[in-house]
Every structure is written in C-alpha cells, then in structure tokens.
Amino acid sequence: MDTPVEPDGRITALGNQLIGIHLALREELEQLREELEQLREDADAWLEGRGARPRELRAHCLAFCSALTRHHTGEDGGAFPALARQHPELRPVIEELEHDHQTVTEILRAVEDLVADEAAVDPARLRAELEGLTALLESHFAYEEKRLVAALNALPAGAGDAESLLGTPGT
C-alpha cells in the first residue's frame with residue numbers, strides 16, 4: 001500500500017507517524033531490556049566455559065540512545081516550535097514535554113556511562129536505569145500522543161516532514 005503524499009511531497013498524518021516512531025522506540029527499549037537479561041545468563045555460561053561470548057550490549061544501548069536523542073532533538077527544534085506557532089494553547093504541554101526530554105537525556109547519559117566499559121557493566125544498576133527510563137517514556141509517549149497527534153495531523157504541509165519535525169523519518 002502506498003503512503004499518501006500531498007502535492008508538495010509531504011507525507012500526511014504526522015501525528016500518526018509520531019505514534020509509529022514511538023512504537024519503534026518502545027520495541028527497541030524492550031529488546032534492550034531483554035538483551036540485558038540474556039547478557040547476564042550468557043555471561044555466566046561464558047565464564048563457566050559453556051557458551052559463546054555475550055552479545056554486545058553496548059552497541060545496542062548506544063544505538064538506542066542515539067535514536068531517542070535524535071527524535072527528541074527533532075521535536076524540540078521542529079515539531080514543538082511549529083505547534084506552538086499554530087496552537088499557542090499547547091505551549092504549557094510543550095514545555096512539560098521539553099522538561100521530560102531533559103530528564104530522559106540525563107538518564108541516557110547514565111546508561112551510556114554504565115555501558116562505557118562493557119566488561120564492567122553492572123547489570124543491576126543498568127536494569128534500574130532502564131526500568132526508570134521505560135516508566136518515564138511510557139508516560140511521556142502516551143501524554144504526547146494524547147495531546148499532540150491531532151495538532152500534528154493538522155499542521156500545514158509547509159511545516160515540514162517527519163524527519164525535520166520529529167527527528168527521524170516516519171515509519
């Protein structure tokens with residue numbers, strides 16, 4: 001099925017694309033959490049000579065952190081200013097979401113620090129950071145979707161595309 005495109009080439013339904021981006025990020029975070037559990041099991045087996053070296057958790061963490069940062073940076077510099085211009089009543093919502101982005105950034109830095117030396121990863125601390133990140137993102141994504149999807153879908157075509165407004169190509 002072809003994606004509907006406006007005459008100027010903009011893909012329609014930016015709000016729906018936001019939901020797709022959030023779904024993909026949720027799936028990546030869940031995979032990361034599962035990898036952490038698998039890493040613990042694989043590391044025990046590897047140390048006992050019963051298995052292969054554990055998969056590289058660090059690379060997946062850094063890729064996820066980068067994707068989430070790119071998305072939030074895109075929103076902060078693209079979608080949020082566009083929405084604030086078109087819908088001034090959303091400014092308090094946008095400010096709250098930007099505050100969430102700052103908190104998420106702090107957690108991502110902690111995650112990156114924890115996986116900097118993969119051989120010394122503390123699974124308990126990393127698990128705690130990922131659990132906190134998961135809880136915050138679930139709340140953040142749900143609130144953002146509830147408050148912004150309709151407004152994003154109503155943005156004029158000249159406002160931009162998913163990459164310029166949401167930090168990543170739509171899914």
Practice item. Kindly indicate the residue of segment 42-66 that is surrounded by fewer than 16 Cβ atoms within 10 Å (Cβ to Cβ) and within 11 Å of the chain's Cα centre (by Cα) and also modelled with the highest pLDDT among those meeting that condition. Key: Ser66
Practice item. List every residue pair whose Cβ atoms sit under 6 Å apart, with the two residues 6 or more apart in sequence or on different chains, where the first one lies in segment 99-113 and is assigned to a helix (DSSP H, G or I) and the second, anywhere, is of a type in the set (A, V, I, L, M). Key: Ile107/Leu133
Exercise for review: Could you run through segment 82-108 and say how many residues are surrounded by fewer than 17 Cβ atoms within 10 Å (Cβ to Cβ) and under 14 Å from the mean Cα position of the chain (by Cα)?
Suggested key: 5
Point to revise | Positions within segment 104-121 being under 17 Å from His60 (Cβ atoms) and in contact with a helix residue (DSSP H, G or I) (Cβ under 7 Å, 6 or more places away or on another chain), in sequence order | key: Ile107, Leu108, Ala110, Val111, Glu112, Leu114, Val115, Glu118, Val121
Practice item. Please go through segment 115-145 and pick out each residue that is in a helix (DSSP H, G or I), hydrophobic (A, V, I, L, M, F, W, C) and touching a residue at least 40 places away in the same chain (Cβ under 8 Å). Key: Leu126, Leu130, Leu133, Leu137, Phe141
**Study point:** Scan of segment 155-171 for residues that are assigned to a loop (DSSP other than H, G, I, E, B) and surrounded by fewer than 16 Cβ atoms within 10 Å (Cβ to Cβ), ordered by number
**Key:** Pro156, Pro169, Thr171
**Study point:** Selection status of Leu114, of a type in the set (A, V, I, L, M, F, W, C) and closer than 17 Å to Glu98 by Cα
**Key:** no
Practice item. Quick one: which residue in Ala150, Ala79 is surrounded by fewer than 19 Cβ atoms within 10 Å (Cβ to Cβ) and either in contact with a helix residue (DSSP H, G or I) (Cβ under 7 Å, 6 or more places away or on another chain) or at pLDDT below 95 (or both)? Key: Ala150
**Study point:** Subset of segment 103-133 (residues that are under 17 Å from His72 (Cβ atoms) and touching a Leu at 6+ places or on another chain (Cβ under 6 Å))
**Key:** Ile107
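In segment 146-154, is there at least one residue being in a helix (DSSP H, G or I) and without any contact (Cβ under 8 Å) to a residue 60 or more places away in the chain? Steps first, please.
First, pick out the residues of segment 146-154 that are in a helix (DSSP H, G or I): 146-154.
From what is left, the residues that are without any contact (Cβ under 8 Å) to a residue 60 or more places away in the chain are 146-147.
Looking through segment 146-154, at least one residue is in a helix (DSSP H, G or I) and without any contact (Cβ under 8 Å) to a residue 60 or more places away in the chain.
The values are calculated or read from the model by the stated rules, or taken from the named source; none is laboratory data. Remember, it's a predicted structure, so these values are computed and weren't measured experimentally. Because the Cβ atoms are built from the backbone with ideal geometry, glycine has one as well, and the counts that use them run over all protein chains shown.
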